[in-house]
Amino acid sequence: MEKLTLKRILPLAVFILFLIPIITSSLLDLEQKKANELILEQERIQKAAEEKAEQKIYLMGKFDPAQREDFILIPEQYTTLGNKMYLRKEALTAFLEMQNAADKDEIELKIASATRNFIYQKNIWNNKWSGATIVDGKNLTKDILDELERFKKILEYSAAPGTSRHHWGTDIDINDANPEYFESEKGKKEYEWFTQNAYKFGFCQPYNLKGSARPMGYNEEKWHWSYLPLAKNFMQEYKNLIKDEDIKDFLGDEYVPDLDLINQHVLGINPDCL
């Protein structure tokens, strides 16, 4: 009986011994596969975080447009002052097409301001805050002592650093960034041409006259036009990525949480530009 039992058990034992390395190998392969998947997932998360950080840097203008391949120097003859300005390549191409069409209608179009990075916008803002630049005939550091009210006054026409559409390389000021200019006969004629034709080339006026359709945000800027095929995407990314705590490093930045800048100013634009 023992011999019979051994005869039965022995093949089973041999079979089990044969399976052990196979099972062990399969388990090791499974563990290695899980480890590889974990590494890949960690790399994916890391890459996504790096891309998010890079896009935040872009959206807030913390870069030099002269160093980016997707920006181009605007030829001097298309600017009002002849100083170096940059735009996204697609935006400049669209502007030149619009400028050519305007020229045929005897309307002059030149770029008064284009890409303004964080440092540029910070200088504009800080100069107004400190009184180095006069605003509506006032030295704000002397005439508006309440700093929150001073912040609001600057916001009538100037974006806080890190919140300007000019950071994106999609927005331009045309001919003259001054309300009085567009009250002149020449300015009125040019603005009328913009409103009738700019959309054909992808441009929209983000800061139209405030009213029921746009109750908040900056005052009307007839000179400011945005290239929507790019700007629409950047605005959505801004909404998703940028928080109040990201908007900092300029004079008065401690008041950012009190003013809801993202919803009221970055997103407070002409509904036609959404």
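The values are calculated or read from the model by the stated rules, or taken from the named source; none is laboratory data. Note that the structure is a prediction, hence the values are computed from the model and not measured. Here the Cβ is made from the backbone with ideal geometry for all residues, glycine too, and neighbour counts use every protein chain on show. These area figures cover heavy atoms from the full protein model, side chains too; ligands, DNA and RNA do not enter into them. Shrake-Rupley method; radii C 1.70, N 1.55, O 1.52, S 1.80 Å.
This table checks each residue for (1) farther than 21 Å from Ala112 by Cα; (2) open to solvent by 30 Å² or more (accessible area, probe 1.4 Å); (3) outside any loop (DSSP other than H, G, I, E, B).
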{"site": "Ala53", "(1), (2), (3)": "yes, yes, yes"}
{"site": "Lys56", "(1), (2), (3)": "yes, yes, yes"}
{"site": "Lys62", "(1), (2), (3)": "yes, yes, no"}
{"site": "Ala66", "(1), (2), (3)": "no, yes, yes"}
{"site": "Glu69", "(1), (2), (3)": "yes, yes, no"}
{"site": "Ile72", "(1), (2), (3)": "no, yes, yes"}
{"site": "Leu81", "(1), (2), (3)": "no, yes, no"}
{"site": "Glu90", "(1), (2), (3)": "no, yes, yes"}
{"site": "Thr93", "(1), (2), (3)": "no, yes, yes"}
Can you confirm whether Gln46 is polar (S, T, N, Q), part of a helix (DSSP H, G or I) and open to solvent by less than 30 Å² (accessible area, probe 1.4 Å)?
no
When every residue in the range 95-131 that is among the hydroxyl-bearing types (Ser, Thr, Tyr) and part of a helix (DSSP H, G or I) is compared, the one surrounded by the most Cβ atoms within 10 Å (Cβ to Cβ) is Tyr120
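Conditions (1) of a type in the set (A, V, I, L, M, F, W, C); (2) in contact (Cβ under 8 Å) with a residue 60 or more places away in the chain, marked per residue:
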position: Lys232; (1), (2): no, no
position: Asn240; (1), (2): no, no
position: Lys243; (1), (2): no, no
position: Asp246; (1), (2): no, yes
position: Asp249; (1), (2): no, yes
position: Asp253; (1), (2): no, yes
position: Val256; (1), (2): yes, yes
position: Gln264; (1), (2): no, no
position: Leu267; (1), (2): yes, no
Give the number of residues within the range 169-179 that are buried (at least 19 other Cβ atoms within 10 Å of the Cβ) and out of contact with any Ser or Thr (no Cβ under 8 Å at 6 or more places or on another chain).
1
Does the range 155-164 include one or more residues that are out of contact with any Asp or Glu (no Cβ under 8 Å at 6 or more places or on another chain) and assigned to a helix (DSSP H, G or I)?
no
I'd like the full set of residues that are assigned to a helix (DSSP H, G or I), under 19 Å from Ala49 (Cα atoms) and of a type outside the set (D, E, K, R), limited to the range 235-256.
Gln236, Tyr238, Asn240, Leu241
Name the residues in the range 132-142 that are of a type in the set (D, E, K, R) and not in a loop (DSSP other than H, G, I, E, B), would you?
Lys138, Lys142
The correct count of residues that are surrounded by 15 or more Cβ atoms within 10 Å (Cβ to Cβ), of a type outside the set (Lys, Arg) and part of a loop (DSSP other than H, G, I, E, B) in the range 199-234 is 10
In the range 235-257, how many are open to solvent by 30 Å² or more (accessible area, probe 1.4 Å) and under 22 Å from Leu92 (Cβ atoms)?
1
Within the range 180-198, count every residue that is free of Cβ contacts under 8 Å to residues at least 60 places away in the same chain and open to solvent by 10 Å² or more (accessible area, probe 1.4 Å).
11
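Taking the conditions exactly as written (in contact with a Phe, Trp or Tyr (Cβ under 7 Å, 6 or more places away or on another chain) and either more than 16 Å from His166 (Cβ to Cβ) or of a type outside the set (Val, Ile, Thr) (or both)), does Leu59 satisfy them or not?
Spelling it out, Leu59 is indeed in contact with a Phe, Trp or Tyr (Cβ under 7 Å, 6 or more places away or on another chain) and either more than 16 Å from His166 (Cβ to Cβ) or of a type outside the set (Val, Ile, Thr) (or both).
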If the requirement is being among the polar types (S, T, N, Q) and without any contact (Cβ under 8 Å) to a residue 24 or more places away in the chain, which of these qualifies: Asn175, Asn123?
Asn123
